[in-house]
1. Among the residues of region B:9-34, write down those that are over 11 Å from residue B:86 (Cβ atoms) and surrounded by 17 or more Cβ atoms within 10 Å (Cβ to Cβ).
2. So, of the residues in region B:141-168 that are loosely packed, with under 13 Cβ neighbours inside 10 Å and within 26 Å of the chain's Cα centre (by Cα), which turns out to be modelled with the highest pLDDT?
3. Counting only residues that are more than 14 Å from every other protein chain (Cβ to nearest Cβ) and in contact with a helix residue (DSSP H, G or I) (Cβ under 7 Å, 6 or more places away or on another chain), which one in region A:180-216 is surrounded by the most Cβ atoms within 10 Å (Cβ to Cβ)?
4. Which of (1) over 29 Å from residue A:260 (Cα atoms); (2) more than 7 Å from every other protein chain (Cβ to nearest Cβ); (3) surrounded by 24 or more Cβ atoms within 10 Å (Cβ to Cβ) is the odd one out, the single condition residue A:71 does not satisfy?
5. I'm trying to understand the selection: among the residues of region B:35-47, which are surrounded by fewer than 19 Cβ atoms within 10 Å (Cβ to Cβ), in a helix (DSSP H, G or I) and in contact (Cβ under 8 Å) with a residue 12 or more places away in the chain?
6. Can you name the residue in region A:239-283 that is farther than 20 Å from residue A:25 by Cβ and loosely packed, with under 12 Cβ neighbours inside 10 Å and is also nearest to the other protein chains (Cβ to nearest Cβ) among such residues?
7. Among (1) within 7 Å of chain A (Cβ to nearest Cβ); (2) in contact with a helix residue (DSSP H, G or I) (Cβ under 7 Å, 6 or more places away or on another chain); (3) touching a residue at least 24 places away in the same chain (Cβ under 8 Å); (4) part of a loop (DSSP other than H, G, I, E, B), where does residue B:163 come up short?
8. How about region B:66-92: which of its residues are closer than 19 Å to residue B:11 by Cβ, within 10 Å of chain A (Cβ to nearest Cβ) and in a loop (DSSP other than H, G, I, E, B)?
């Protein structure tokens, strides 16, 4: 199995542990990740906020690279996934914009490339059963609240993945890894996104609510799939709350029996090692 | 109160055309507002923005904080019984308001511009440099220094970013997009 790996800007900086664990999980599952050194930013919220055409053109350049590589795109970051997929839908359905963008980016859109989030690629394409069969160290005793955020599931006509209000894919994955996903109703409430930089007090309020709800549901940790969600959850919260948050790939690494280096967990602003050690999940 | 002399009768149809959304269908059920994470934290709820667009209250809409505080979380668009994609409307309103200096939200437009300039110069967003530029520009220098230093020590804000190899290609894309916009 081979994908075109699109890490996105955050995975080079604030989300380095996501990049590391994503690659490590794929290596363990023998999934080949082709990567172009020349990918560019997807444009994120800023492009679609100010310039619609730019928000199609930047992803289109990355789709062009995937076309050259001849592999479907897999994006760990939920926001990158959403923006690439949104641009792809426009290129597929709007001939006028497609012609314009083809001219701007100097490529010919073939429509042959599929775009998946890493979660979708692992669970729905590689397969839950295949992952379960490779679990060496079940995450016994770990109670988690799976946090999907917005970009992975909304709007459904773009993402075409799981259910927009009550998604279950990550819960199923955690369950097969041996963890106990808790039922809670804040799976897809927004974390505050880029307002974490612009108006941090609003984001802090949203994140505190998420954390309170996760605790109330009996979770010991949050599980995320988005660098911006993870950053807000770790950075914009009341200091008294020490509930850790993991990228789902970090928990997969442990469950698949990959020798885990503690240095990567130390990159978290909220230290998850006490929890992992209390459950004997890291040595 | 609505000042009838200040209404822009073209505004509603212009926003409708640019966003591709049937704004006239909104019957103020407020389902968007009840699920909006920013609603109670900003000056207008999403259904109020839509109503003001319907009425042609151009200036009030374009100066609002709400259009810049919208998170594009898409909760409203999933729940709207009339399938109005409010985030698409907000995108159009932000693009129209971008050049306004009289708007009530100052920081968000600055952030988006610095973010896009970061992409234009290296093809990728260099998070550390982008943050410093944003903090300098908004004058909010000190609020996140301890946090920034912690991130830096954890190796999460590398000072050097490779960016894309073909930076000229990125500039070309930006220039061509700008040219298309000015046409």
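1. B:11, B:12, B:15, B:16
2. Among those that are loosely packed, with under 13 Cβ neighbours inside 10 Å and within 26 Å of the chain's Cα centre (by Cα), it is B:145.
3. Only one residue fits best here, namely A:181.
4. If we test residue A:71 against (1) over 29 Å from residue A:260 (Cα atoms); (2) more than 7 Å from every other protein chain (Cβ to nearest Cβ); (3) surrounded by 24 or more Cβ atoms within 10 Å (Cβ to Cβ), just (3) comes out false.
5. If the condition is that a residue be surrounded by fewer than 19 Cβ atoms within 10 Å (Cβ to Cβ), in a helix (DSSP H, G or I) and in contact (Cβ under 8 Å) with a residue 12 or more places away in the chain, then B:35, B:41 are the ones that fit.
6. A:239
7. Unmet condition: (1).
8. Matches in region B:66-92: B:70, B:85.
The values are calculated or read from the model by the stated rules, or taken from the named source; none is laboratory data. Just so we're clear, the structure is a prediction, and the values are computed from it rather than from any experiment. Neighbour counts run over all protein chains shown; Cβ positions are idealised from the backbone, glycine included.
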